[in-house]
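The values are calculated or read from the model by the stated rules, or taken from the named source; none is laboratory data. Because the structure is a prediction, the values reported are computed rather than measured. FYI the Cβ positions are ideal-geometry reconstructions off the backbone, even for glycines, and counts take in every protein chain you see. Surface areas here come from the heavy atoms of the whole protein model, side chains and all, with no ligands, DNA or RNA. Shrake-Rupley method; radii C 1.70, N 1.55, O 1.52, S 1.80 Å.
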Amino acid sequence: MTKLDELMKLPGAMAAFEFRGSGELLEQRIAYPDRIDESILDLLAHMCAANMSIATMQARGWEKVTTMTGFYPVQEFTLIGFDWSVVVSGLHREQYKQAGKFSLPPFMGVVMANEKADYEAAFAILEQQEPVP
Amino acid sequence: MGIASDLLAKPGVIAVGEYAYRGDRFSYRGALTEEYARMASIMCRATTMGANMEGAMFEALRSGSGLHPPRGWVVHGPAHTVCVIANTFCLLDNTRASINDIVKFMYKALANVTPDMI
């Protein structure tokens with residue numbers, strides 16, 4: 001089972017997706033196409049790529065200025081909308097960077113209905129380590 | 001900042017702050033210096049404003065899509081997490097805090113804070 005399929009098993013999962021660091025949508029699973037379709041996910045992926053970059057910049061700056069650690073690298077960024085939340089992560093890219101790889105895997109994300117959202121379960125799936133080829 | 005005491009009583013909550021949507025006013029309680037709390041307030045306000053802009057763009061693309069207006073956001077680092085709902089931020093120690101509990105508590109406690117001033 002792929003990680004996208006695993007994410008779709010989370011309570012209230014509405015969609016799961018992969019996207020490039022520049023925001024392009026690469027692959028997706030959609031549970032309710034009448035609510036979230038590919039066009040919506042494409043814009044969402046671009047938003048999430050931007051938010052991950054900003055959060056990473058802020059975490060880096062915060063650690064440098066305050067000397068408080070434990071914010072960087074950002075493991076997940078979550079945007080809590082009115083009805084649903086989106087959680088995205090690029091943590092497994094860190095493994096590739098540490099292994100000296102220049103070609104990095106995509107970011108991954110999941111959209112969950114707020115009333116059922118289990119953020120910590122989403123983090124746990126997104127943080128699962130995978131072997132670097 | 002009515003919910004600060006409740007949040008600070010929860011395990012793993014390091015600091016709680018509130019920022020004005022407009023202007024540079026902020027207040028905070030917990031283990032941060034005044035200068036760091038000011039910097040955290042500015043960063044949180046900037047991200048909240050960005051999230052609201054994104055929500056409005058989403059709404060323009062597809063009305064009623066379920067994102068707009070955004071309620072908040074979370075940045076989860078290896079040891080610390082920043083949770084923001086409305087104009088309140090909360091700094092957490094990951095080893096002790098339950099992010100699910102904190103987000104759900106803030107979501108409910110701040111449900112009536114309107115984004116009118118954004």
What residue, of B:ALA40, B:ALA60, is over 18 Å from A:MET112 (Cα atoms), without any contact (Cβ under 8 Å) to a residue 60 or more places away in the chain and surrounded by 16 or more Cβ atoms within 10 Å (Cβ to Cβ)?
-> B:ALA40
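Here's the yes/no breakdown for (1) open to solvent by 30 Å² or more (accessible area, probe 1.4 Å); (2) on the phi > 0 side of the Ramachandran plot; (3) of a type outside the set (S, T, N, Q):
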{"site": "A:GLY100", "(1), (2), (3)": "yes, yes, yes"}
{"site": "A:LYS116", "(1), (2), (3)": "yes, no, yes"}
{"site": "A:ALA122", "(1), (2), (3)": "no, no, yes"}
{"site": "A:ILE125", "(1), (2), (3)": "no, no, yes"}
{"site": "A:PRO131", "(1), (2), (3)": "yes, no, yes"}
With respect to A:LEU79, determine if the residue is free of Cβ contacts under 8 Å to residues at least 60 places away in the same chain, open to solvent by 30 Å² or more (accessible area, probe 1.4 Å) and at the interface with another protein chain (Cβ under 7 Å from one of its Cβ atoms).
-> no
Which one is farthest from the other protein chains (Cβ to nearest Cβ) among residues in region B:56-107 that are over 20 Å from B:SER41 (Cα atoms) and among the charged types (D, E, K, R)?
-> B:ARG96
Matching residues, region A:19-74, being at positive phi and open to solvent by 40 Å² or more (accessible area, probe 1.4 Å) | A:THR67
Out of the residues in region A:82-110 that are in a loop (DSSP other than H, G, I, E, B) and under 21 Å from B:GLY55 (Cβ atoms), which is nearest to the other protein chains (Cβ to nearest Cβ)?
-> A:ASP83
Right, B:SER27: open to solvent by 40 Å² or more (accessible area, probe 1.4 Å), more than 11 Å from every other protein chain (Cβ to nearest Cβ) and among the hydroxyl-bearing types (Ser, Thr, Tyr) or not?
-> yes
